[in-house]
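K.L.:
The structure under discussion is supplied below as structure tokens; questions concerning it will follow.
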């Protein structure tokens, strides 16, 4: 396979090519595989094997539905939405079996949740460890956890989160603001 043909193509150009060239989809998979796998683990706490299964099923869904992709949108938002919906569906079915969230050593991303105020970000640097962040995330609702992970760990814009979750960008902003407040309250509880 000549990968040079695909390297300079945008995601949206590749989605058009997939209709006549399945290898273009392989390039899309390569671009998103590791990011989406990490996202699945962050929002669900699934094992790597379970997350890989969900990712594979999500890619199959995307391939089957590529003709319905609206090229005026970002492909990344579309594929994140597919992965998000499948992950949440499986998560809800298996909630009782869940383990810890997988955030590895990425507490820097979640420390940014609190960076709206200087004193808060200093507190975050002092008190937040990976284990504490996991604990705080477990105490948040599914929606709060998801918007914080999308915004601060996946570094998605409000518009991208809006596309992924299918809610208006203003709603995303409200949800993030409220989730940050809840995150800070949980952090304050842990400090005492």
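The values are calculated or read from the model by the stated rules, or taken from the named source; none is laboratory data. Keep in mind that what you see is a predicted model, and the values were worked out from it rather than measured. Here Cβ is always computed from backbone atoms with ideal geometry, including for glycine, and neighbour counts include all displayed protein chains.
K.L.:
Check segment 66-74 and report whether any residue there is in contact with a helix residue (DSSP H, G or I) (Cβ under 7 Å, 6 or more places away or on another chain), under 25 Å from residue 145 (Cα atoms) and in a loop (DSSP other than H, G, I, E, B). It would help to see each step written out before you state the result.
P.N.:
Pass one, segment 66-74, residues in contact with a helix residue (DSSP H, G or I) (Cβ under 7 Å, 6 or more places away or on another chain): 66, 69, 71, 73-74.
After this cut, where a residue has to be under 25 Å from residue 145 (Cα atoms) as well, the list is 73-74.
Right, trim to in a loop (DSSP other than H, G, I, E, B) and you get 73-74.
Among the residues of segment 66-74, at least one is in contact with a helix residue (DSSP H, G or I) (Cβ under 7 Å, 6 or more places away or on another chain), under 25 Å from residue 145 (Cα atoms) and in a loop (DSSP other than H, G, I, E, B), which makes the answer yes.
K.L.:
Those residues that are surrounded by fewer than 21 Cβ atoms within 10 Å (Cβ to Cβ) and in contact (Cβ under 8 Å) with a residue 24 or more places away in the chain, I need them from segment 181-192; list them, please. Please lay out each step first, then the result.
P.N.:
In the first step, residues of segment 181-192 are kept if they are surrounded by fewer than 21 Cβ atoms within 10 Å (Cβ to Cβ); the result is 181-182, 184-192.
182, 184, 186, 187, 190, 191, listed by residue number.
K.L.:
Moving to a separate point now. For segment 97-108, state whether one or more residues are part of a helix (DSSP H, G or I), buried (at least 19 other Cβ atoms within 10 Å of the Cβ) and either at pLDDT below 90 or assigned by TED's automatic domain parsing to the domain that holds residue 132 (or both). First the steps, then the outcome.
P.N.:
Initial filter on segment 97-108 (part of a helix (DSSP H, G or I)): 97, 107-108.
If we keep only those that are buried (at least 19 other Cβ atoms within 10 Å of the Cβ) as well, we get 107.
With either at pLDDT below 90 or assigned by TED's automatic domain parsing to the domain that holds residue 132 (or both) added as a condition, the list becomes 107.
Yes, the conditions are met somewhere in segment 97-108.
K.L.:
Here's something else I'd like to know. Could you list, in sequence order, the residues of segment 137-155 that are assigned to a loop (DSSP other than H, G, I, E, B) and more than 10 Å from the chain's Cα centre (by Cα)? First the steps, then the outcome.
P.N.:
Start the filter on segment 137-155 by keeping residues that are assigned to a loop (DSSP other than H, G, I, E, B), which leaves 140-141, 154-155.
Those that are assigned to a loop (DSSP other than H, G, I, E, B) and more than 10 Å from the chain's Cα centre (by Cα): 140, 141.
K.L.:
Another one. Return the residue satisfying two criteria in turn: it lies in segment 123-137 and is out of contact with any helix residue (DSSP H, G or I) (no Cβ under 8 Å at 6 or more places or on another chain) and exposed (fewer than 15 other Cβ atoms within 10 Å of the Cβ), and of such residues it is modelled with the lowest pLDDT. Steps first, answer last, please.
P.N.:
Looking only at segment 123-137, we keep the residues that are out of contact with any helix residue (DSSP H, G or I) (no Cβ under 8 Å at 6 or more places or on another chain), and these are 126, 131, 134.
Checking which are exposed (fewer than 15 other Cβ atoms within 10 Å of the Cβ) leaves us with 126, 131.
Numbers: 126: 49, 131: 72.
My answer is 126.
K.L.:
Within segment 17-49, track down each residue that is more than 17 Å from the chain's Cα centre (by Cα) and outside any helix (DSSP H, G or I).
P.N.:
19, 20, 21, 22
K.L.:
List pairs: first in segment 20-35 and in the same structural domain as residue 62 (by TED's automatic domain parsing), second surrounded by fewer than 19 Cβ atoms within 10 Å (Cβ to Cβ) and in a loop (DSSP other than H, G, I, E, B), Cβ under 8 Å, 6+ apart or cross-chain?
P.N.:
Close Cβ pairs satisfying both conditions: 23/1; 24/9; 26/1; 27/3; 27/9.
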